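Reading through the structure tokens given below for one structure.
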Amino acid sequence: MPQPNLSDELSALDAYATKAMAEQARNTPGTINLAFGEPAFGPPATSKAAIEANDLNWDAFIASSKRYEKSRGMPELRESVASYYARRHGMKVDPEREVLITHGGVEAITLAVLATTNQTSAVAVTDPSYMLYSRAIKALGRTLKVIPRPADQAHEYVSALPNAAETLRQVSSFIVNSPENPSGYVLSGEDLDAIAEASAKHDCWIIHDEVYDSMAFGRKHTPARLWSGLEDRTLMINSFSKKYGVPGLRTGWLCGPANAIDLAAKLHDFIYLGVNIMSERIGMRMLSDTSADPWMDDMSDMLGGRAQQLMEALPNTKGFSWPRKPMGAMFAFPNVADFARKIPDRFAESGQGSGHKVANYFMEEHRLATIPGGVYGPESQDHLRMILCSEQSTFDRALGVFARLP
């Protein structure tokens, strides 16, 4: 029986070369790593005593490892998710019917796509967007539709969606990331109005990836389900990895209307089974620790301060521009086209754009690792992604490199 030629489709979307670049940065001593999105901060110290006393002992290990978790996840953790939304956003969530615990945000993305589409469906993403969306859509056999999103707009989706009417007519769901990886963009009220109008007009689901929800420093974050017209057609993805600085915990959740969560729970059970119970317990301690909320706000302020430092260190006079000023998440995404013209062409790779040329230059000349913007969509080839969540010493070394640039 012939095998599906999935490998070619996935390689066309790339990401493996970028992953190799990030791994090289992590494994090369002395590298200034602004590539890998692993927060140096967290978890919050206020949660430590409860985790140590209740979850990091032999009895907890045995209780967690000798059974499978229920399909929807630990009831106490789902209660904590509902409480988190209530206190942070004033949002009412039914923990029994509207929350599903997942193997990180990545599984939640997969389940959201599966729950809102069928094998003949198309899914829309924007350019730029997190590269995993495109790969997941292709891997699931769905058709990918891309909506270019112009920069230099106060409300990017407002200007993009009217021009995407035909695209949205063809899709079953539309993935939106806010606060966004890679650009740091945060949806405005006008954006949410445009998204609500488009989703109602074309009868498509909205999948809101809000894993950076606690990191909105330039504009207030709003979960899409809170917005008028989106309550019953939105699935929200979240996780512990970024906000608490624990990507290795591999625990997240999906939140949405009960009928969609019912289907997602069945798919989760058929494909993955329950999540790791010990990770759930630890996640529950952190999420229910209300004294950690000010800590999260402090981390957001720290990221906003670093974003401002980068914009000041990389001004127009050095060849950097900021058509997408970071408003949230933990990334900066400058346009580097003018700077690329200043450096030798030997750093360029055919068809890869200015971002790739500058990323090679920084790595080879300064041992500073970044991610070329083309990974996040063809429209972003002249951009470069840099993380804001490194150790302070690493960030300071990067600022030193930027200060020496001509």
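Here are the numbers for this structure:
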quantity	calculated
The stretch 142-195: relative contact order in percent, alpha carbon pairs under 8 Å with at least 6 residues between	37
Mean separation of Cα contacts under 8 Å (6+ apart) over length of the chain, as relative contact order %	23
Cross-link pairs 70/138; 318/357; 318/342; 92/242 - those with Cα-Cα distance over 20 Å	70/138; 92/242
Range of Cα positions in the stretch 325-370 per principal axis (Å), largest first	34, 21, 18
Structure-derived mean projected area of the Cα convex hull in nm²: which label, when the choices are (1) 20.6; (2) 25.0; (3) 18.2	(1)
Accessible solvent surface per residue of the stretch 267-351, calculated while the other protein chains remain in place, 1.4 angstrom probe, Å²	44
Volume per residue of the C-alpha convex hull in the stretch 48-145, rounded to whole Å³	164
Sum of -39500 (n - 2.57) over DSSP H runs of 4+, divided by residues of the chain (222 nm, nearest 500)	-12500 deg cm²/dmol
Span-like helix ranges in the chain, DSSP H, alpha carbon extent 18 angstrom or more, Kyte mean at least 0.0	104-116, 258-271
Whether the stretch 108-265 is rounded, prolate or oblate, judged on the alpha carbon gyration tensor where a/c under 1.5 counts as rounded	rounded
Probe 1.4 Å, protein heavy atoms only - accessible area per residue of the stretch 60-152 in square angstrom	41
Surrounding net charge for residue 263, when Lys and Arg each add one and Asp and Glu each subtract one, Cβ distance under 15 Å	-1
Note, ³J(HN,Hα) from phi for the stretch 148-162, Karplus 6.51, -1.76, 1.60, rounded to Hz, x at Gly and Pro	x, 10, x, 8, 6, 10, 5, 10, 5, 6, 4, 7, 7, 5, x
The stretch 99-195: relative contact order as a whole-number percent, Cα under 8 Å and 6+ apart	30
Accessible surface of the chain [probe 1.4 Å, protein heavy atoms]: carbon and sulfur percent	50
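The values are calculated or read from the model by the stated rules, or taken from the named source; none is laboratory data. Just so we're clear, the structure is a prediction, and the values are computed from it rather than from any experiment. Neighbour counts are summed over all protein chains in view; Cβ atoms, including those assigned to glycine, are modelled from backbone coordinates with ideal geometry. To get the accessible areas, we keep the full protein, side chains included, count just its heavy atoms, and leave off ligands, DNA and RNA. Shrake-Rupley method; radii C 1.70, N 1.55, O 1.52, S 1.80 Å.
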